[in-house]
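Please read the structure below before turning to the comments.
Just so you know, all these numbers are worked out from the coordinates, no wet-lab data involved. Note that the structure is predicted; figures quoted are calculated from it, not measured. Cβ placement follows ideal geometry from the backbone for every residue including glycine, while neighbour counts extend to all protein chains displayed.
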Amino acid sequence: MFDVNTKDNVKEKNMDLNEFYSELDNLFPEPKCELEYKSTYQLLVAVILSAQCTDRRVNIVTKELFKEYDTPEKMLKLSQSELENKIHSVGFYHNKAKNILSMSRDLIEKFNGEVPKDIEKLQTLAGVGRKTANVVFSEAFKGDAIAVDTHVLRVSNRLGFVKTDNPYKCELALMNLFDKSRWGKLHLQLVHFGRYICKAVKPKCSECPFTNNCIYYALHNTK
Ligand code: SF4
């Protein structure tokens, strides 16, 4: 078992979820995925490349890469070392190149060249874990999912929605807590909130509407 706040004890702590949604809507009315892509396959490649890397850096790399290699078939024309050279600056390029080629091969052999619209099937692809599958399912297919990345995990702990460093446990807890219709937007809002306000180092608490509900703020009284 893990330490999770249910709807009832979130209410007891005076965290009104409708107010929470409303404040997030004020901060980020129309949050968008910051990775640039023109197809579901491109999104999948971009999300794989984004592990431990900024979206900005990934966009620079994919802008060039996708000019010629924007489908699984075209990607497989590259050797591993050729692909490594093209994605070198995103870090972990050896594993990422290996996974992208393997994932592209699987798409052709097992899924007719199409990215599957199914979280479990997505996770059978090389380099695709739970978070990546959820991002693609939510972003490309508009499916109900909450992808938990480092920002969502940090913010959820600071605000007391969860007390865990396990992304999957956090995902289950957030799905239990928040309205399903909000999941996709909420994921993007929490990513933006964590990226621009509730930063890992020196969070901008003076710009945050949740200081009264924040465990981290109560402990650190960060200005
Ligand atoms: S008060 Fe500070 S630490 Fe707490 S959620 Fe807001 S920005 Fe993050």
> Which one of Glu171, Glu109 is acidic (Asp, Glu) and either in contact with a strand residue (DSSP E or B) (Cβ under 8 Å, 6 or more places away or on another chain) or crowded, with 22+ Cβ neighbours inside 10 Å (or both)?
Replying inline: Glu171
>> Name the single residue that is nearest to the chain's Cα centre (by Cα) among those in segment 47-82 being hydrophobic (A, V, I, L, M, F, W, C) and either over 21 Å from Gly129 (Cα atoms) or outside any helix (DSSP H, G or I) (or both).
In response: Ala51
> How many residues, within segment 56-83, are surrounded by fewer than 17 Cβ atoms within 10 Å (Cβ to Cβ) and closer than 28 Å to Arg195 by Cβ?
Replying inline: 7
> assigned to a helix (DSSP H, G or I), out of contact with any Gly (no Cβ under 8 Å at 6 or more places or on another chain) and surrounded by 21 or more Cβ atoms within 10 Å (Cβ to Cβ): does that describe Ser104?
Replying inline: yes
